[in-house]
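Student: Below is one structure. I have some questions about it.
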Amino acid sequence: MTEREFFGPGEAISWALRRDLRLALRSRGELGVALLFFLIVVSLFPLSVNPDPKLLRTIAPGIAWVSALLATLLALGRLFNNDYADGTLEQMLLSPLPLPGIVGGKVLAHWISTGLPLVLVSPLVAVQFGLGGGELGVLMVSLLLGTPILSMLGAIGAALTLGLRAAPVLLALLVLPLYVPVLIFGAGAVEAHASGLGAGGHLSLLAAGTLLAGLATPWATCTALRIAYE
Amino acid sequence: MNTDFFALGGHGLYVWGSYLVTALVMVVEIVLLRHRRRQAVEILQQEAELAEEITKSNESTS
Amino acid sequence: MNFYHYAAPATFYPLAGKLWPWFAAIAALLGLIGLYIGFVVAPTDAQQGEVYRVIFIHVPAAWMSMFIYLVMAGYCALGLAFKTRLSAMMASALAPTGAMFTFVALWTGALWGKPTWGTWWAWDARMTSELILLFLYLGFIALQSAIEDPRRADRAGAVLALVGVVNIPIIYFSVKWWNTLHQGASVSLTAAPKMAETMLWGMLIMALAAWAYAIAMSLLRVRAIIIERERQTEWLVEALEAER
């Protein structure tokens, strides 16, 4: 075997993805926490407003989306913190693997372990709020297309606040305002479908957002990580 | 000046509320800025005095 | 003329000290003229009555809140690209003034909206974006103050400001689009009454006053930041002695 000088981004992505997923599986408790948090927050809303079925159906998409935002935020700490604490992150910055690839793989793993489970449990929300089959379908697709943006934007915030004492609160302050468009299009898709307008426009904008964020955010996250180590 | 000028057709509270609060936050900004500068200068002077004391004590021991 | 000469804190500190009183004077003078036009010269509006006089601070404050964020992001980009310390310091110096103008725009907007459209707040695209802008300013300030190493604070703040500046138009247009789907809930702020020429002049002069005020404040603040950061340098002690 010869020492290689150059590694492609694909190798970096798959390496980081497999590593982070393996670690995530090993600490299943942590995985469950974000999911449980999502379900609890969603369940609190009917108790805080009145349980009128018509009202619940109108507010369901918004509540599912706000809870998804909060659950993603809760899980963002895990993205870099453990690797930062044990020094692995510094090794990654120095490694011959391209950093944007590593970051991309880590963010993808983060989404698979937090965003994707939210999509899969969203039928429970439909049951709780009395959503119809079509609405549930749109909600699931919107979550599927939108939650990757949440993970990617959140990664920038997680990298900027790396190792800071006030990191969790600061992260919420930095990241939540940036989530506004995702929230609008995500919740709006279900609403548009329910009102007969069709969710196509919303969903294609979410898909476009995911693609754009996938191109632009790794750069910002890598810069932020390098800044933290300067 | 007559009272009409301040009443502004019954909407005086809204207009003066806007202008007074704007003036207030500008004053607050200026006060905070003065405080920031004074504090920075103070820290600088304390450090300078400390450095002077250390050099003095070094001279007396040597 | 060397750009890097003036970009050094040691040369900029006395320069800022000489410049800020001029901008403060311009701000005060134009502010007085603007207020005179706004309250004495400008006639009562036919539709809105006297309340519209809020416009003379509301619109300039809203303009400045966005303009300052753009300038701040520009300084941040310069700081990231060329590692000039002064541009990063200018960005941090502008943020509190920008946040102040954003707050003023929101506050005066609420006080104007209540008697005119019957509501303090509406989820209109402009108002919502302005609110998000305030959060972006506060996030920038909070992030920088949470990081102890000034170099990291500068650069982390720069990345955040640039991410924010890309997001503001996206947020604005997403809220606008969302709003058109929820017709009726919003008030149409675009249907503003046709403006008399004196009103326009008053507004422009007040905007110039706000601009001069923002420059004076940021110059003063950048001087304080330079004192905080360049404590160990000889020239600063001498400059402070000379000012006394």
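The values are calculated or read from the model by the stated rules, or taken from the named source; none is laboratory data. Note that this is a predicted model, so its numbers are computed, not measured. Note that we place each Cβ from the backbone using ideal geometry, even for glycine, and neighbour counts take in every protein chain shown. Remember, those area values only see protein heavy atoms, side chains included, never the ligands or the DNA or RNA. Shrake-Rupley method; radii C 1.70, N 1.55, O 1.52, S 1.80 Å.
Student: What ³J(HN,Hα) values, in whole Hz, does the Karplus curve 6.51 cos²θ - 1.76 cosθ + 1.60 give for the stretch A:181-191 when θ = phi - 60°, with x put for Gly and Pro?
Tutor: In residue order, the calculated couplings are x, 4, 4, 4, 6, x, 5, x, 4, 5, 5 Hz.
Student: While we're here: Can you pull the one-decimal nm distance between simple spin-label points at A:Leu21 and A:Val127, each 7 Å off the Cα toward Cβ?
Tutor: 2.7 nm
Student: Taking the alpha-carbon set of the stretch C:109-160, what are its Rg and Dmax in Å?
Tutor: 16.3, 48
Student: When you count, for each residue, the other Cβ atoms within 10 Å and take the mean per peptide, how do A:47-58, C:139-150 rank with the highest first?
Tutor: For the peptides A:47-58, C:139-150, the packing ranking is C:139-150, A:47-58.
Student: For the protein assembly as shown, what are the per-bin percents of Cα-Cα distances with bins 10 Å wide, up to the bin holding the maximum?
Tutor: Using 10 Å bins, I get a P(r) of 3, 16, 22, 22, 19, 12, 4, 1, 0, 0 for the protein assembly as shown.
Student: Can I ask one more? Given a 1.4 angstrom probe, I'd like the percentage of the accessible area of the protein assembly as shown that is carbon and sulfur, rounded to a whole number.
Tutor: On the way: 18060 of 26420 Å².
Of all accessible area on the protein assembly as shown, carbon and sulfur atoms account for 68 percent.
Student: Let me ask something additional. When you look at the Cβ of every residue in C:124-133, what mean number of other chain Cβ atoms sits within 10 Å?
Tutor: On the way: counts 0, 0, 0, 0, 2, 1, 0, 2, 5, 1.
Counting Cβ atoms of other protein chains within 10 Å of each residue's Cβ and averaging gives 1.
Student: Rounded to the nearest 0.05, what FRET efficiency is calculated for C:Ala81 and A:Glu30 with R0 set to 56 Å and r the Cβ-Cβ distance?
Tutor: 0.90
Student: While we're looking at this one, here's another question. Going toward the positive end of the dipole of the protein assembly as shown, with +1 on Lys and Arg Cβ and -1 on Asp and Glu Cβ, which of C:Ala24, C:Thr11, B:Val41 do you reach last?
Tutor: Ranked along the dipole, the leading option is C:Ala24.
Student: Roughly how many nanometres apart are two label points built 7 Å out from the Cα toward the Cβ at A:Gln91 and B:Val28?
Tutor: 5.0 nm
Student: How high is the relative contact order of chain A? Use alpha-carbon pairs under 8 Å, at least six apart in sequence, and give a whole percent.
Tutor: 26 percent
Student: Still on this model: Treating the beta-carbon of each Lys and Arg as +1 and of each Asp and Glu as -1, no other charges, what is the dipole magnitude of chain C about its Cα centre, to the nearest 20 debye? Intermediate values should be presented prior to the final figure.
Tutor: Values: 16 positive and 14 negative charges, 58 e Å.
Magnitude of the dipole: close to 280 debye.
Student: Which aspartates and glutamates does C:Lys114 reach when only Cα atoms under 20 Å apart count, and residues fewer than 8 places away in its own chain are ignored?
Tutor: Leaving aside aspartates and glutamates fewer than 8 places away in the same chain, those within reach of C:Lys114 are C:Asp45, C:Glu50, C:Asp124, C:Glu130.
Student: Let me know the charge dipole size of the protein assembly as shown about its Cα centre in debye, to the nearest 20, where only the beta-carbon of Lys, Arg (+1) and Asp, Glu (-1) is charged.
Tutor: I would put it at about 800 debye.
Student: Hey, another quick one. Show me you know the interface measure: the accessible area buried between B and C, both chains summed, probe 1.4 Å, in Å² to the nearest 100.
Tutor: 2800 Å²
Student: Grab the DSSP H runs of the protein assembly as shown that are 4 residues or longer, score each as -39,500 (n - 2.57), total them, divide by all residues and round the 222 nm result to the nearest 500 deg cm²/dmol.
Tutor: Values: 20 runs with 432 residues, N = 536.
Counting only the DSSP helices, I get -28000 deg cm²/dmol.
Student: What aspartates and glutamates could a cross-link reach from A:Lys54, if we take a straight Cα to Cα line under 17 Å and drop same-chain neighbours fewer than 8 places away?
Tutor: Within the straight-line cut-off, A:Lys54 pairs with A:Glu135, A:Glu191.
Student: Further, regarding this structure: Rounded to the nearest whole Å², what accessible area per residue is found for the protein assembly as shown with the 1.4 Å probe? Numbers along the way, then the final one.
Tutor: Values: 26420 Å² over 536 residues.
Value for the protein assembly as shown: 49 Å² per residue.
Student: A follow-up question, please. Kindly state, to the nearest 0.05, the FRET efficiency for C:Leu200 paired with B:Asn58, given R0 = 60 Å and r defined as their beta-carbon distance.
Tutor: The pair C:Leu200/B:Asn58 has a calculated efficiency of 0.30.
Student: Could you pull out every one of the lysines with an alpha carbon less than 28 Å from that of C:Lys18, ignoring same-chain neighbours closer than 8 positions?
Tutor: C:Lys83
Student: Given 0.36 nm per residue, what is the gain on full extension from B:Val21 to B:Ala48 after removing their alpha carbon distance, in nm?
Tutor: 5.7 nm
Student: I've got another one for you. What's the buried accessible area, both sides, between A and C using a 1.4 Å probe, rounded to 100 Å²?
Tutor: The summed interface area works out to 2400 Å².
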